[in-house]
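Readers should treat all values here as calculations from the given coordinates under stated rules, not as data from a laboratory. Remember, it's a predicted structure, so these values are computed and weren't measured experimentally. Heads up, the Cβs are rebuilt from the backbone with ideal geometry, glycines too, and the neighbour counts pull from every protein chain shown.
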């Protein structure tokens, strides 16, 4: 079990890891060893995700989400499989934690009458200043 929050847990069987060859540094090993990790998580089929969390996660995932609802995280920052695997899982947990936080409900507010009057007065004063600059004195 992967712990996301106090109430939200993910079963490790829901994750699919594929090891592929990474680009970037690696010396002679780069063409021999599959050190990059592609972590796949089918969030639409996950029984552990509540509906609102699933919707927020789809929005947060962006391009990492396939049309079928599979979240793909590719980790190739490190040279070892273990580090890349831990990095991919940490990034998944971070995404899920951010999706688990419900956004605050925005309470509509109105500016006070005094604030509106001050704003309008400042606008008219600024306009008058600009108008005064346009008037050219007559040439004698």
Measure nothing but the geometry: give the 0 to 90° angle between the long axis through the Cα atoms of 113-134 and the longest principal axis through the Cα atoms of the chain, rounded to 10°.
70
222 nm [θ] for the chain, helices only, -39500 (n - 2.57) per DSSP H run of 4+, per residue, to 500?
-13000 deg cm²/dmol
Counting other beta carbons within 10 Å of each residue's own, what order do 56, 118 fall into, fewest first?
118, 56
Ratio to report: Rg/Rh of the range 2-100, with Cα atoms as the point set and Rh obtained by the Kirkwood method; give two decimals.
1.02
Of 98, 89, 113, the most mobile residue in a GNM of the chain (C-alpha springs, cutoff 10 Å) is 113
Pairing the Cα long axis of helix 81-100 with the longest principal axis of the chain, what angle in degrees results, from 0 to 90 and rounded to the nearest 10?
50
Nearest 10 degrees, 0 to 90: helix 51-61 Cα axis against the chain principal axis
80
Highest GNM mean-square fluctuation among 123, 67, 104, for the chain with Cα springs under 10 Å, belongs to 123
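With a 10 Å Cβ neighbour count serving as the proxy for reagent exposure, in which order, fewest first, do 17, 125 appear? Write down the numbers at each step before the final one.
On the way: 17 16, 125 10.
If I rank by nearby Cβ atoms, fewest first, I get 125, 17.
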Relative contact order for the range 2-100: what percent, with Cα pairs under 8 Å and sequence separation of 6 or more?
30
